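For reference, the structure is listed below as structure tokens.
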């Protein structure tokens, strides 16, 4: 037993070093996005690369494999729910994946990704798809190579999807998406047949400092802990974690669009509260982060959409918002404001899309990814295929590739495959989890209308946050809801909310 | 030759990795002082420790020693001034030092230092020397051990002084300090016999943002490059470098003391311009930073004291300062303001001391360090010895240890010995270098009076900054001034400036 303790401690120490090195890299990346002067860029690339390389070397060290082998009988002797069993299980899973990819490939992959990203940042404003096309072709080739380090798949996208959303495959995602689409398309048609909501009240001038202050007040009430986090401004909003005690978010403010900072703040606060809520004893271990892309997104969507785009929320907070912006909002009714922040429209940009059409944007990307990986869609034909998909699924066509296939960073950041399904899985799960929270605490709805969030936050912490990556996404969903992924609560949520809004 | 090239490249690559890891640690440390929420502290300590450890391991790798051995004949074949020769020379010097200290000792040393620092932050506000006494005793013991890894010294402080100010020893510093003291003590006596200057004009209310704006305007004119740096607020001002393209400074603002932010800003900008001015081809090599504590301090003092506390400087900038703070300064004459920012007084706190008395504070600390290391002063007697030294050398006694031996972090940050001499060496050198600049460009004085600094900045860059650590401090001083360290220009500078101010 002493020997086992020693080995377990050694495994934990090694994983803590890996975690700390990765966190150091995250600090450098955060600084790069927030405060770094332009002159710091070349060195910063090098500094982040070496941290990543050393963390990877330490993680795939054969000594880690040996420790895992030696500890397996001990893990098997423990109850499945034991934290040490979960630690060994999760480390084994990641280790087996990581050791399948040769370090030389990984180095080339990251270098190519950084280069492709750089070229995309220039090609996008220039609307020049041709400029990135050869790089994207290499990205596709390397994404296929990456998948092929994991032979035995049904669909070549499966290993890539599995990285982000463990347990999902192309086939299972396609099935869920097709069921969802059947419900969404008629809903979008019915709503967009009506006159569009007037959201001009959001497009007035709103001073930045007041916007930030209001957003911070809201997420502090949600339960985001500013003693263990902070908010800064960046070009694109994100959440990042340096430890369970330091989980930061960023936002982007548009002084002529009130929705931008506000909803990106509540969105990122959801990601951050998930990370802040992980059991502190998991600190700097493979269990210390959210368990999958989909589950992570479910937590951001819960606070962004289900809570902060709901009518009860604004029944409480709208008077306060009016007090903050009296000139702009004193003559705008709650009803007008509520309709404005939930305006449904056929649009071109995923990140600006409303709750109802959002998933159609995701599904288009997911399907295009699969086709590229399958080889049925060549990179050179991507812009045309993109426009065709938008025409057929959303009913509009982008005037250029800037608002078409050049809009999202994901593929240009180095990977095709597994990059998008998490967004829609997250939307589905947000409603599925929330329905369970309401079952346990029907008072949550009323409390939201009183600006109180402790019951909801505590339920999420007790049922989801605290577990970090102890359970895989499928395990967690089963534990929390008693069944697998299910679109019914999400459809029900959308029908109820938009049925009332559009009197369907 | 191909083989030599390979080895040289390998040495450079290894040193770049070490440099990049140390820079990553510096980013984490900067973040800790600027933006990190309180909850991030425990993990941050771990993260910085592992970065430091890996950088050290990579630096003392025997393969580095082998490369240096193999490259020695090549280095010997090069002219002394060749950059590669200097790189090999500087790396060899650091390598030989670093490999003499066992990693296990170093780990314990850093751990103790972090602990002692932590206890000091609590003991200082509580005026509780007894609380840190046992830790300081261990610090003294470890400082002696550290010195003893470098046997053959004349004085046990020599190796510790050599770390910071290569080429200096206890005896040589003592000699310089004693010569300087002979000149300073009567000067202080003469000045303080007169009525003290009235500095009440600096103690009005000055809004923070205006103070920061003014300071930034000034250092931008000096030549500090904000595209390769930035300024943030911290508890204690400092300069830090993440690459030659990213050299940051911090300041501390007191709204009731105009001098605080302004002069800490010009001070840190001097450190930072030195680092920004290093030859870009030295990036992430052992040559890429300032060459010694003393030379570094000389650059901060040049801009803080010689430039921004001079009359010509304020002849140009005072009208602008009055425009910035009209309510506070419209009725204050340039003469009153100039006397206020150069007020000489017997005081207790080193960091608040004026140019004339400052070095007395440093000399007291230097002498106490030597006595502690020699064993002629026990830690338990330090508070008494401190008060006695202040009484005899400065003429006043602190009411408590807070304003006595608990005031400076240095000893409590983990080392006794070599911590203070650089401040006074820097003051001496600032005048010695500046005299050379004036010899080459007598127009510099007039230009300062016109708010122009390019001639001075360019001269410093060409003669000091660009070389980074290519030359040791003694070599650099010899190159720039044609002789060794010399107090005469500094004494002359003080006599001229304060002679005029106090009509001596």
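Using only the Cα atoms of region B:244-370, build the gyration tensor, take square roots of its eigenvalues as a ≥ b ≥ c, and label the shape rounded, prolate or oblate: rounded if a/c is under 1.5, else prolate if a/b is larger than b/c, else oblate.
Here region B:244-370 falls in the oblate category.
Enter the angle in degrees (range 0 to 90, nearest 10) between the Cα long axis of helix A:454-463 and the first principal axis of the Cα atoms of chain A, meaning the one along which they spread out most.
30
When only C-alpha pairs under 8 Å and at least 6 residues apart count, what is the relative contact order of chain A, in percent?
20
Rounded, prolate or oblate: which one fits region B:47-92, using the alpha carbon gyration tensor with axes a ≥ b ≥ c (rounded when a/c is under 1.5, else prolate when a/b beats b/c, else oblate)?
Oblate, because a/c is 1.5 or more while a/b does not exceed b/c.
Work out the mean other chain Cβ neighbour count within 10 Å for the residues of A:137-143 and drop it here as an integer.
0
Tally the DSSP beta bridges in chain B and give the antiparallel ones as a percent, rounded to 5.
60
With the alpha-carbon atoms as the only input, what is the per residue convex hull volume for the protein assembly as shown in Å³?
Dividing the Cα hull volume of the protein assembly as shown by its residue count gives 198 Å³.
Please report A:301, B:144 as a ranked list, fewest other C-beta atoms within 10 angstrom at the top and most at the bottom.
B:144, A:301
Order of B:14-26, B:382-394 by packing, highest average Cβ count within 10 Å first?
Highest to lowest by the protection proxy: B:14-26, B:382-394.
For the Cα atoms of chain B, what angle does the longest principal axis make with the long axis of helix B:170-193, in degrees from 0 to 90, nearest 10?
On a 0 to 90 degree scale, this one is about 10.
Report for the protein assembly as shown the percent antiparallel among DSSP-assigned beta bridges with both residues inside it, nearest 5.
So the antiparallel bridges amount to about 60 percent of the total.
With N residues in chain A, what two-decimal value do you get for its Cα radius of gyration over 2.2 N^0.38 Å?
Dividing the Cα radius of gyration by 2.2 N^0.38 Å gives 0.98.
So what's region A:150-196 giving for Cα Rg divided by 2.2 N^0.38 Å, two decimals?
In units of the 2.2 N^0.38 Å rule of thumb, it is 1.67.
Measuring from a point 7 Å out along Cα→Cβ, what nm distances, shortest first, does residue A:381 have to its partners in the other copies?
9.1
For region A:40-181, what number results from the quotient of the Cα radius of gyration and 2.2 N^0.38 Å?
Working it through for region A:40-181, the quotient is 1.32.
Distances in nm, one decimal, shortest first, from residue B:450 to the same residue in every other copy, taking the label point 7 angstrom along Cα→Cβ.
7.3
Assuming a ≥ b ≥ c are the square roots of the Cα gyration tensor eigenvalues, decide whether region B:169-261 counts as rounded (a/c under 1.5), prolate (otherwise, with a/b larger than b/c) or oblate.
Because a/c hits 1.5 or more and a/b fails to exceed b/c, region B:169-261 counts as oblate.
Below 8 Å, C-alpha to C-alpha, sequence gap of six or more: please give me the relative contact order for region B:300-379 in percent.
After rounding, I find 18 percent.
Using Cα pairs under 8 angstrom and six or more residues apart, how large is the relative contact order of region A:156-269, in percent?
23
Over all residues in B:27-40, what is the mean tally of Cβ atoms on other chains that come within 10 Å of each residue's Cβ?
Averaged over the peptide's residues, the number is 6.
Per residue and in cubic angstrom, what volume does the convex hull of the Cα atoms of region A:374-486 have?
Cα-based convex hull of region A:374-486, divided per residue, equals 185 Å³.
I need the inter-copy label distances for residue B:193: point set 7 Å along Cα to C-beta, values in nm with one decimal, smallest first.
10.3
Taking Cα atoms, how many degrees apart are the long axis of helix B:2-34 and the longest axis of chain B, rounded to 10 and kept between 0 and 90?
40
Which of B:241, B:497 comes first, and how do the rest follow, when ranked by fewest Cβ neighbours within 10 Å?
Listed from fewest to most nearby Cβ atoms, that is B:497, B:241.
Using a 10 Å cut-off around each Cβ, can you sort A:332, A:295, A:356 from fewest to most neighbouring Cβ atoms?
Ascending number of Cβ neighbours within 10 Å: A:332, A:356, A:295.
Between region B:121-139 and region A:101-122, how far is it from one alpha carbon centroid to the other, in angstrom?
Measuring centre to centre over Cα atoms gives 51 Å.
Taking only the alpha carbons of region B:110-248, what extent do you get along each of the three principal axes, in Å, biggest first?
Reported extents, whole Å, longest axis first: 52, 45, 38.
Across peptide B:237-246, what mean number of C-beta atoms from other chains lies inside 10 Å of a residue's C-beta?
Whole-number average of other-chain Cβ neighbours for B:237-246 is 4.
Could you list log10 I(q)/I(0) for region B:2-99 at q = 0.19 Å⁻¹, which the Debye formula gives when each Cα is one point scatterer?
Debye intensities relative to I(0), on a log10 scale: -0.88.
Throughout, read-outs are computed from the coordinates displayed, never taken from laboratory work. On a predicted model such as this, the values are computed, not experimentally measured, just so you know. Virtual Cβ from ideal backbone geometry, glycine too; neighbours counted across all protein chains shown.
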